[in-house]
Every structure is written in C-alpha cells, then in structure tokens.
Amino acid sequence: MPGHYERKEEASGRNRIFPGLNHFKVRTISDVRYAEYFGFTAEEVKDLLSYYGLEDKFTQFREWYDGYRFGNVDVYCPWDVINQCDKFLESPNAPMESHWENSSSNAIVQDILKNATATTKNRIEALISGESIEKELAPELTYTDFNSKDSEIRQTYLWSVLWATGYLTDTASPKNGFHKLAIPNREVRGIYEKKIRTWFKANVLGNADRWLSFCEAMKNGNAQKAEILFNEFMSDSIGIRDTCAKKAMKENFYHGMLLGLLQAEESWIVKSNVESGCGYADILLEIPAEKTGCVIEIKYAEHGRYAAACAEAMTQIEKNDYAEILRKNGMNTIHKYGIACYQKKCCILHA
C-alpha cells in the first residue's frame, strides 16, 4: 500500500568483510514469500467487518482500499481499513474517507506532474481513466537515479517508484519483465486527481491575463469567450478518456478543475454541491459587490455529445430551480451555465 517503499541508502557497511547487521535480506513487494503479511486479505477484512457488524460495507471497503498486490496476493491497506471501521463505529452513516492520504505528503505525485513530458501525461490520463499501462520496472533503483541524465533511466525510475510506493499496482503477474500497472483503488485515484487539479490551477494562474479574462467572461455571461478560454486551459492539462470509468467520477474530475479556477478569485463566494431549490447544484457563485450570481451544472459528454449534455445540464438547473438561493441572497443578475466536458474539450451553454 502507499508508503510501503523504504528508501535504499548507500551503506558503506554493506561491502565490509565483517559480518553484522548490514547483512540482511530485503523482501520487495514482488516477492512471493510473506506477501500476505503486508496487508489485510479480503477474508481478513470480511472477518473484521463481521466482528463489528459492518458486513454490508464490504463493497465500499473493496472499492476504496483494496487493489495492492504483494507477490501473488491482493491485499487491503490496514491503516485505511482500521480507521474507516472506527469511523463507522462513531456513526453508521459516516462517509468513506481517504485515511492514508492524510498521513502522507504525496509529494512524489506532485513532482512527477510538474516535470511530466507529453508521453507521461498521456499515460497518466490512461491511468486515471481506469486503464492500465505496461512498463518495465527496476525495484533496485534509488532516489538518486531520478537525476540521471539518461532519459530512459529517469522514466524507468518514475514508474518504478510509483509502483514501489503504492501509487500504482500490478493487475497481473509480470511477463518478460513487464508489469501491467493500474491505479489500485478509489482512494489513490483521488490523490492523483487532487494533485492534477493543484498542478492545473498553478499553471493557469501562471498566465494571469488569460485567467482573469475567463473570470470576466463568466461574470458577464459571455459563454462563447469562457468556452474558448476553458478549452485552452484543458488542452494544456490532463483529461479523462471515454472509458469504462464511472460517469460520476469523470464529472467530478472536471468539476474540481473548474472549481479551482473560480475559487482563485478571492472576492467571489464559490460553493460546491450546494442545496438549492429541489436539489444540489454543482457550483454556485456569488459576486456580492456586483450582486451577480452564477449557477453551474457540469456534465460529462459521453462520446463527444456536447449539445445533449449541455441541454441536460440546463434542464436540470431549471427543473430544480438551483437559482433559488442566489435570489434569496440578493443576486439581481443570475447567469446559468450548462457545461459539457469530454476528454480535453468543453462546450458551454448560457441562459
């Protein structure tokens, strides 16, 4: 599971002729022996949930915390399982949480995105879309190899360390030295998405003029200009492919990107998944100084069906009267946006 990789230091004592503590045997995550002891097996998780009367939660635990492979054994992250059980004991309706994420800096994902080549971005897109990639790995690489002048070594390091630290996992037994890698579970996918949004926001704000133009277009109801600029932003970023990944997960990905852009304007009040009218609006925006508000509903345009997705979003806004809370808060001008996203493109409809 994430964090299980131990840094390998150059120990001068390893090469001495005298026996000592330096003569130990390292078991890597690809070794078969003792593999089942690095985490909880599915049966152990079932037994634990049964003990606490949480048998009906097993599917959620599998989706969030399963997927780590040691040797030939699939295991769950013990830290997550134990902490989530504790949450359910506090409240039967507690939401599923990312417990390991809160105990680690996840800096390695941020560093990789910061220095990602076009090829690397393409592979990360495949991974967050639920696909797998095949890579040759070198478990013996050290952190110093990341600074190698050899681009092939650097690439091998990148995928090897993501695999060794639990950000990627084997989906099958390696063949001819190649590993079939995928993101292990929902918790880790969420880490990638958060880091991508952080990286995306930093890149966008680096071009202040373009970002300010986008905000101005949204404030004034200029959907055409906002669409052009948001498409420019997404073309430089990482998108989600049209794969078997759940539609809700794809929509959440773009929701997070747009939310980050709008929240960067500190004078605006931006809220996500707010109860208004007869439902929950994706994003509600208020500009108090100008008494202007925006209702934004985001849809994933499967197979590039932008018009249908935009129309669905606008219908949802009107049917559920998402603008109600903005009117109550004194917003005199209210813009309604239906935004459809597909891969690295979007379409914006305004009313």
### Task
Distance check, please: which entries in 180/271; 201/319; 46/246; 225/246; 57/271; 121/336 exceed 28 angstrom between their Cα atoms?
180/271; 201/319; 225/246; 57/271; 121/336
### Summary
Sorted by chain and then number, the residues having a modelled amide H within less than 5 Å of the amide H of residue 283, at least 5 places away or on another chain, are 273, 296
### Angle between the chain longest axis and helix 42-51 axis [Cα atoms, degrees, rounded to 10]
70
### Query
How far, in degrees from 0 to 90, does helix 78-90 lean away from the longest principal axis of the Cα atoms of the chain, to the nearest 10?
50
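Show me 87-96, 317-326, 54-63 ranked by packing, highest mean number of other Cβ atoms within 10 Å first.
Numbers: 87-96: 11.3, 317-326: 18.7, 54-63: 15.0.
Sorting 87-96, 317-326, 54-63 by mean packing, highest first, produces 317-326, 54-63, 87-96.
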### Cα→Cβ-extended label distance, 7 Å offset, between residue 111 and residue 138, nm
1.6
### Task
Using packing as a proxy for protection, rank 74-85, 301-312 so that the peptide with the highest average count of other Cβ atoms within 10 Å comes first.
74-85, 301-312
### Query
Calculated FRET efficiency, residue 82 and residue 280, Cβ-Cβ r, R0 30 Å, to nearest 0.05?
0.40
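Please tell me which of these pairs span more than 30 angstrom C-alpha to C-alpha: 114/250; 87/219; 219/247; 114/344; 250/291? Present the calculation step by step, with values, prior to reporting the outcome.
Details: 114/250 22 Å; 87/219 41 Å; 219/247 28 Å; 114/344 19 Å; 250/291 32 Å.
Violating the 30 Å Cα-Cα cut-off are 87/219; 250/291.
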### Query
Among 279-290, 31-42, how do they line up from the highest to the lowest mean number of other beta-carbon atoms within 10 Å?
279-290, 31-42
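Apply the a/c threshold of 1.5 to the C-alpha gyration tensor of segment 196-351 and tell me whether it is rounded, prolate or oblate.
oblate
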### Summary
For the chain, the longest principal axis of the Cα atoms and the Cα long axis of helix 208-220 enclose an angle in degrees, to the nearest 10, of 40
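We did not get these values from a lab; they are worked out from the coordinates using the rules stated. Remember, predicted model here, so these are calculated numbers, not experimental data. Using ideal geometry, Cβ is built from the backbone for each residue, glycine included, and neighbour counts are taken over all protein chains shown.
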